[in-house]
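One structure is given below, encoded as structure tokens.
The values are calculated or read from the model by the stated rules, or taken from the named source; none is laboratory data. In this text, all values refer to a predicted model and were calculated from it rather than measured experimentally. Cβ atoms come from the backbone with ideal geometry, glycine included; neighbour counts cover every protein chain shown. Areas reflect the complete protein model, heavy atoms only, side chains present, ligands, DNA and RNA absent. Shrake-Rupley method; radii C 1.70, N 1.55, O 1.52, S 1.80 Å.
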Amino acid sequence: MISVEEALEKVLSYVKVLDGIEAPILECLGQVLADDVYSSFDIPPRDNSAMDGYAVHSADVASASSSNPVYLDVVGEAKAGGTATMKVKSHTAVRIMTGAFIPDGADAVVKFEDTDETQQAGGPIKRIGILKTVEKGKNIRYAGEDIGKEQLVLKRGTILRPSEIGVLASLGIARAKVIRRPSVAILATGDELAEMGQPLTGGRIYNSNSYSAAAQVLRYGGIPRVLGIARDTREDLDAKISEALSSDMLLTTGGVSMGDYDLVKEILARRGEISFWKVRMKPGKPLAFGTIEGVPHLGLPGNPVSSMITFELFARPAILKMMGKPVTQKPTVEAISESYIKNTDGRRVFARAIVRKEGGKYYASTTGPQGSGILTSMSQANALAIVPEDIAAIKEGDIVKAIMLDGE
């Protein structure tokens, strides 16, 4: 058996960052830019108003106050999207809306609230009283203030969040080049499995692993290809695996233990190479990894909890690397254990736990029975409490490290 760290290092050494693909920007959310993005124009393109008010020459209103208003002739109105054809001369003003271009001659905008506009009768305003001084440049957004022409706006490797999607749209970029999402083939193995909608005869169970794995692939940005169930024959398993090899990665569940019908390791050895097949962890010891005809293959255990936990620890980082994202661990906290967690055989234990914060401290309690077939222990958990290999047990009151499953 190898350690969790050794296993992860081997998995990551076999996967690479994928190539770039051009896609509509809304489809690029959460992906990584494959190219630098430059602007071909200024944003904003011209000086414009940050407020609804009056464009003025600041020196004209230097003495203005509520008790001693300065009156200016209103020579026009400017609205967003219009052209700036008017000029502000001495002791004149232009009524202006937010986003409208600043007229020539104006160097500041007085807000409506700082004028006597509300005190005037209805109809076009010909003369406005300014009730407050305004310094030069006040309430003006200058050309290029946000983005300058030929500026590097977004660097290659940037993860596109909603704010970056907005920036691309502001540049008029409808499609962007991003690292493509990996296609991950998912194949369950075993004669005991039934697809949803089939009757459960002869002791069969429904194939939950394919759907939990597919949901995990989706959650971390990949594209799942659910290939169904391969029966416990070499012919069926070979055929299904051949179907999977057009994907960037293959996940199988089951078939990696020591039973007579656990055939995945055999095929992995015959059609590719095995890097490892046992990891010093619980649950999840029977975990095969290698390549099949050049495609990275992770053989997850058949027990549903083991399958989900090994996915979190090994498949998730591989997907992140293929997408060009930083391979970061999920957040971990140190919590006070409220449960007794036993380590029976010197493997690293990942116990399903509920972590809560109370009074500035974290507390962790297990979800109950920890069998690797108890899938509800995962649905109830928000964390994995870790018992290191060299510790026989975590007792109540001990400090335990916990991986927060709900973190990204």
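Of note:
- Filter on LYS16/LYS149; LYS79/LYS177; LYS87/LYS132; LYS16/LYS285 - keep pairs with C-alpha separation over 28 Å: LYS16/LYS149; LYS79/LYS177
- For segment 42-168, the carbon plus sulfur part of the accessible surface works out to 49%, probe radius 1.4 Å.
- Cα→Cβ-extended label distance, 7 Å offset, between VAL17 and GLU117, nm: 5.1
- Three principal axis extents describe the C-alpha atoms of the chain; from largest down they are 95, 50, 41 Å.
- Remark on VAL88: its backbone amide H falls under 5 Å from those of ASP104, GLY105, ALA106, a criterion applied only to residues 5 or more positions apart or on other chains, H modelled at 1.01 Å from N.
- Annotation: per residue accessible area for segment 1-74 equals 51 Å², rounded to a whole number [probe 1.4 Å, protein chains only].
- Estimated FRET transfer efficiency (MET97, ARG231; beta-carbon r; R0 56 Å; 0.05): 0.20
- Low-density loop positions, chymotrypsin sites (Phe, Trp or Tyr not before Pro), segment 316-386 - DSSP coil, at most 16 other Cβ in 10 Å: TYR340
- Restriction of the trypsin sites (Lys or Arg not before Pro) in segment 136-167 to DSSP coil positions whose beta-carbon has at most 14 other beta-carbons within 10 angstrom yields LYS136, LYS149, LYS155.
- For segment 200-320: rounded, prolate or oblate by the Cα gyration tensor [a/c cutoff 1.5]: rounded
- Accessible area in square angstrom per residue, segment 273-408, 1.4 angstrom probe: 42
- Reference-scaled alpha-carbon Rg (2.2 N^0.38 Å with N residues) for segment 135-294: 1.59
- Taking amide H as placed 1.01 Å from N in the peptide plane, the amide H of PHE41 sits under 5 Å from that of GLU150, each at least 5 places away or on another chain.
- Segment 117-225: C-alpha gyration tensor shape, a/c 1.5 cut-off, then a/b vs b/c: prolate
- Potential lengthening between ALA194 and GLU396 on full extension [0.36 nm per residue; Cα-Cα distance subtracted]: 68.6 nm
- Expected 222 nm ellipticity per residue - DSSP helices of 4 or more, -39500 (n - 2.57), all of the chain, to 500: -4500 deg cm²/dmol
- Loop-located chymotrypsin sites (Phe, Trp or Tyr not before Pro) in segment 82-142 whose Cβ has at most 14 other Cβ within 10 Å (DSSP): TYR142
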